[in-house]
């Protein structure tokens, strides 16, 4: 029986392919195989003989079956290895092209600003871009003869012959949304109003359309000191570093007192860095809402007070992301869109951080 | 507004440095825009004395001078005719920069003789155009700094010029005295008392003045004048010329320069008529329209009805408060002058000035507001100056109208600074601040000075106090949340939806653009716009004349620009407002995407192909789905003319409720916008997608049957114009419970099918819910599908 074992174990090990292996299986443990024939002989044996030969034959049969199975796997592995060795691809060929979209810096920065002010309880208000001169000027304490009207480079809409109404304007600032929001919800109120604004000016640093975000907070005891805190919180969160502000007296018809706000910065090699250094950069206008403006919005100035501010979104984007030319924002040059754009899923949140 | 340091010091006694003054001005709200200090560029020059001079051995016109300087005796070769022994000169030593020559002096040899510097002329130091010889000083010691000598002997030459921006509320700061007052209130010095003159007239003015009744209330409040006879006009004295030149004005003649001086010194525009050219008396009135006048700027102006002017018997002679007329203007020959000081209605000035498009220093001031209470005193002060500089004899003063009473008072609530601004300032300091600015305090009422038209209420008093105290002292104070706990959702559903639309479209591979809201008329017309209602009255260019009716023209023009730069394949989108009319609110936020060129660039994997409407459709459906649009959308033809008529559709909920459109852009439109096509696009009316009706966030239970689903394929031969959706809907209707979905997977046109026929192949997925399907069940459904489809389409099952 040992001969039989050696014969088949050796033969299995030497088998060259699956066909040879199958041949060996039939020879050894097939219906008419040598081991099977031997097992048939068991019936003719004495019980004593059977007790010895039976288990031995079973063990032999199991051993041969295991060897066959192992060899089968080994052969399949070898065959697969051989096939894979031929399946070579140039991994340096380019990947399949996939279009990658981007979000415009204006949208991204608007969402960043929104995320910060949302946390301070400001909601987002909107208003029409074609405005009546009342909402854009009169309600904001800029009467018809006020020099500020002329200084704003206002776009007016056409009036048909015989239409004696004053022409509408393309809003020169987002401030009319203040009035519309006051009318709608009254005080207390905390809103920001981001959006497009228009002024008839076009040169190196001006485009006839740009973006502003207006802020308005009215309550019973909101002061300019609160404004300073809110703006410092905003700038620090927005630029990702502590930013100091400096308030300077100024004048806007719709606020009183009014202040220009500078942020701390440094100039190195012609580039500005916010939040460090000894220089100051003028970035926004602000103040305490003028009593006449509150009245225009239907709010009693003896009961409520608060602040308003306006800041350029494009300007914020330029400062934060190092974008040199305002005019390029609106040119839709693919190279610019790809360079300055943001990933579609990179939605700004406070918990995820606003700086990358 | 420009002024010089020495001019400021006429009104302000101060030791403050230029830097301190500049910083204070900006902080006070008088933002400094420019400072130019001539002393800086002259800082290194010192005085020297020529101790010996002799002719250059090799040049007739050159002299070899020995000059005593603070660094010992230097040999300097000089070509100036006045270079001679004994004179005191300004020495430029080697290494120094000469501003007027734009060179740096070095040691050199001139015709073989060494020269160790230069002696400067006035032009070389940019002090004047004088270049006939070197500077010869009448005084000064060797080694003195030249700037110190100038400061002592000719201060205007080293006067620092400061330019500030004036906000519309501060006309008082359009005069140097007003600026000084702000600085004094801040504590940077003490006001010097204003010089006031009183001139008794010695004769009756032969010219009288009147104001028409209809012009008194809102045209001209008061008009005062007097004749000064026997004056001698000519160049004004050097100090006055220097002042005017330092702030960029051209000296003209003493009489004119005096009016300009008062304009800038006291924010007090005045006018002088040559009395000999005035015919009869002066009358202030409104124009009928059509009158003309040659202005002092030598341009002819034609008046519209209702403008306020000054006329004599001949006609209009001056545009009141804005500009005088050339015919009655003063010249060098003027001997009798009529001086005018008037208070004009500032709205009237703005109206007339804007109408005639005249911008003068007088208009600028009269429009913003002058001090009406100073009117009569200004008359006296200016008379004094004319008498001083030009001689002559003054008449009595003739007056029409009355000086308006602008006195008013507001309650000073000293707690208001704390509650409104958040600064703690003692009440006493607040009162002192206001008094320093010219307010008078009576009890708790603050009376406003006549030169501050901007102060119109208690809040203005707070502003003044805080401004003078300096807002830089303001400390931030945390603003508590409006409500306790976490902030609420602050975006409206529509705002949230726009954000999702943007980011989904970007995720589909589109680059977001922001294009101008105004486009040219031709482009607007291509997209159903360009009406007069959406036209700008004063566009910045004809390229930006109309509000856009659609986002497509902006995106297509952007595509054309990119194609011109060599980028042929692109996916662009914009999310923003379009304008259906010219009224507020006639705007709508859309999201529009365009696909141009090929799906991807040239591609080794063979996947590059031209974009088609199914790309646009897929992207549109993806965005619609992200926005929560119902899954079952309708597709109708007959979209607007800028789409390809056969390759576009309105998408909606039925033919009336339109949510968007997609398709190919009409080739004619592409041609007109110079875009190489084809271009496919989609547009979504973001706000028109219905909001979900249910309030709950629950999505409900999902149904996932354990039973085996079965798919069966069918192919039908139908007429070429049968739409796939008809076929799909018919098939799906065969057994709504059992049929989970129907998908078209093949379209075959023509060939053996014959002209005008096509084959559409569908896969129907059957999902049983209660028991496993048996072959007989499937056969039954299949038969029903065939029946329904053939009935709906007139087609046949393909054998």
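How many residues does region B:408-429 contain that are more than 13 Å from chain A (Cβ to nearest Cβ) and within 20 Å of residue A:290 (Cβ to Cβ)?
Residues meeting the conditions: 3.
If I ask for residues that are in contact with a helix residue (DSSP H, G or I) (Cβ under 7 Å, 6 or more places away or on another chain), assigned to a loop (DSSP other than H, G, I, E, B) and within 12 Å of another protein chain (Cβ to nearest Cβ), which ones from region B:155-173 would you list?
B:166, B:168
Applying the selection to region A:123-149, what residues are outside any loop (DSSP other than H, G, I, E, B), facing chain B (nearest Cβ under 7 Å) and closer than 20 Å to residue B:348 by Cβ?
Scanning region A:123-149 gives A:147, A:148.
If you take the residues of region B:496-525 that are surrounded by 23 or more Cβ atoms within 10 Å (Cβ to Cβ) and farther than 30 Å from residue A:97 by Cβ, which of them is nearest to the other protein chains (Cβ to nearest Cβ)?
B:517
Okay, residues lined up against (1) touching a helix residue (DSSP H, G or I) at 6+ places or on another chain (Cβ under 9 Å); (2) closer than 22 Å to residue B:653 by Cβ:
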residue	(1), (2)
B:685	no, yes
B:693	no, yes
B:752	no, no
B:778	no, no
B:789	yes, no
B:792	yes, yes
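Determine whether residue B:352 is buried (at least 23 other Cβ atoms within 10 Å of the Cβ), in contact with a strand residue (DSSP E or B) (Cβ under 7 Å, 6 or more places away or on another chain) and either within 14 Å of chain A (Cβ to nearest Cβ) or in a helix (DSSP H, G or I) (or both).
Yes, satisfied.
Just checking, does region B:459-473 include any residue being under 30 Å from residue B:430 (Cα atoms), at the interface with another protein chain (Cβ under 9 Å from one of its Cβ atoms) and in a loop (DSSP other than H, G, I, E, B)?
There is at least one residue in region B:459-473 that is under 30 Å from residue B:430 (Cα atoms), at the interface with another protein chain (Cβ under 9 Å from one of its Cβ atoms) and in a loop (DSSP other than H, G, I, E, B).
Can you spot a residue in region A:47-67 that is within 60 Å of the chain's Cα centre (by Cα) and either more than 30 Å from residue A:354 (Cα to Cα) or within 14 Å of another protein chain (Cβ to nearest Cβ) (or both)?
yes
Answer yes or no as to whether residue B:402 is crowded, with 22+ Cβ neighbours inside 10 Å, out of contact with any helix residue (DSSP H, G or I) (no Cβ under 8 Å at 6 or more places or on another chain) and either under 17 Å from residue B:223 (Cβ atoms) or not assigned by TED's automatic domain parsing to the domain that holds residue B:307 (or both).
The answer is no for residue B:402.
Return the total of residues in region B:94-123 being touching a residue at least 40 places away in the same chain (Cβ under 8 Å) and part of a loop (DSSP other than H, G, I, E, B).
Qualifying residue count for the region: 8.
What number of residues in region A:340-356 are over 23 Å from residue B:551 (Cβ atoms) and more than 10 Å from every other protein chain (Cβ to nearest Cβ)?
Selection size over region A:340-356: 9.
Which ones in region B:430-450 are away from every other protein chain (no Cβ under 14 Å), closer than 22 Å to residue B:183 by Cα and either free of Cβ contacts under 8 Å to residues at least 12 places away in the same chain or in a loop (DSSP other than H, G, I, E, B) (or both)?
Passing the criteria: B:432, B:435, B:438, B:439, B:440, B:448, B:449, B:450.
Conditions first: (1) at pLDDT 95 or above; (2) in a loop (DSSP other than H, G, I, E, B). Residue B:671 passes all but one, so which condition is the exception?
(2)
Can you find a residue that is modelled with pLDDT of 90 or more, facing chain A (nearest Cβ under 8 Å), closer than 30 Å to residue A:220 by Cβ and touching a helix residue (DSSP H, G or I) at 6+ places or on another chain (Cβ under 6 Å) anywhere in region B:478-493?
Yes, there is a match, as at least one residue in region B:478-493 is modelled with pLDDT of 90 or more, facing chain A (nearest Cβ under 8 Å), closer than 30 Å to residue A:220 by Cβ and touching a helix residue (DSSP H, G or I) at 6+ places or on another chain (Cβ under 6 Å).
Condition first: assigned by TED's automatic domain parsing to the domain that holds residue A:228, in a loop (DSSP other than H, G, I, E, B) and either under 29 Å from residue A:98 (Cα atoms) or in contact with a helix residue (DSSP H, G or I) (Cβ under 7 Å, 6 or more places away or on another chain) (or both). Can you find one or more residues in region A:257-274 that meet it?
no
Please give the number of the condition residue A:282 fails out of (1) part of a strand (DSSP E or B); (2) modelled with pLDDT under 95; (3) crowded, with 19+ Cβ neighbours inside 10 Å.
For residue A:282, the exception is condition (3).
Under the condition of being within 14 Å of chain A (Cβ to nearest Cβ) and in a helix (DSSP H, G or I), which residue from region B:20-38 is nearest to residue B:245 (Cα to Cα)?
Filtering first and then ranking leaves B:22.
Would you pick out the residues in region B:250-273 that are out of contact with any helix residue (DSSP H, G or I) (no Cβ under 6 Å at 6 or more places or on another chain), closer than 22 Å to residue B:160 by Cα and not in a helix (DSSP H, G or I)?
Matches in region B:250-273: B:250 only.
Yes or no, residue by residue, for (1) over 31 Å from the mean Cα position of the chain (by Cα); (2) buried (at least 24 other Cβ atoms within 10 Å of the Cβ); (3) outside the structural domain of residue B:10 (by TED's automatic domain parsing); (4) touching a residue at least 40 places away in the same chain (Cβ under 8 Å):
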position: B:223; (1), (2), (3), (4): yes, yes, yes, yes
position: B:232; (1), (2), (3), (4): yes, no, yes, yes
position: B:237; (1), (2), (3), (4): yes, no, yes, yes
position: B:251; (1), (2), (3), (4): yes, no, yes, no
position: B:271; (1), (2), (3), (4): yes, yes, yes, yes
position: B:277; (1), (2), (3), (4): yes, no, yes, yes
position: B:285; (1), (2), (3), (4): yes, no, yes, yes
position: B:315; (1), (2), (3), (4): yes, no, yes, no
position: B:318; (1), (2), (3), (4): yes, yes, yes, yes
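Provide a single number: the residues in region A:238-256 that are farther than 15 Å from residue A:283 by Cβ and either within 8 Å of another protein chain (Cβ to nearest Cβ) or touching a helix residue (DSSP H, G or I) at 6+ places or on another chain (Cβ under 6 Å) (or both).
6
Select from region B:563-582 the residues that are touching a strand residue (DSSP E or B) at 6+ places or on another chain (Cβ under 7 Å) and more than 7 Å from chain A (Cβ to nearest Cβ) and write down the one among them that is surrounded by the fewest Cβ atoms within 10 Å (Cβ to Cβ).
Looking at residues that are touching a strand residue (DSSP E or B) at 6+ places or on another chain (Cβ under 7 Å) and more than 7 Å from chain A (Cβ to nearest Cβ), I get B:580.
Applying the selection to region A:150-169, what residues are outside any loop (DSSP other than H, G, I, E, B) and more than 9 Å from chain B (Cβ to nearest Cβ)?
A:169
State which residue is farthest from the other protein chains (Cβ to nearest Cβ) when the search covers only region A:218-234 and only residues that are part of a helix (DSSP H, G or I) and touching a residue at least 40 places away in the same chain (Cβ under 8 Å).
Here the answer is A:234.
Determine which member of the set A:353, A:341 is closer than 19 Å to residue A:242 by Cα and under 19 Å from the mean Cα position of the chain (by Cα).
The unique qualifying residue is A:353.
Taking residue B:615 as meeting all but one of (1) within 14 Å of chain A (Cβ to nearest Cβ); (2) under 21 Å from residue B:527 (Cβ atoms), write down the number of the exception.
The single condition residue B:615 does not satisfy is (2).
The values are calculated or read from the model by the stated rules, or taken from the named source; none is laboratory data. Fair warning: this is a prediction, and the values are worked out from it, not measured in the lab. We place every Cβ from the backbone using ideal geometry, glycine too, and count neighbours over all the protein chains shown.
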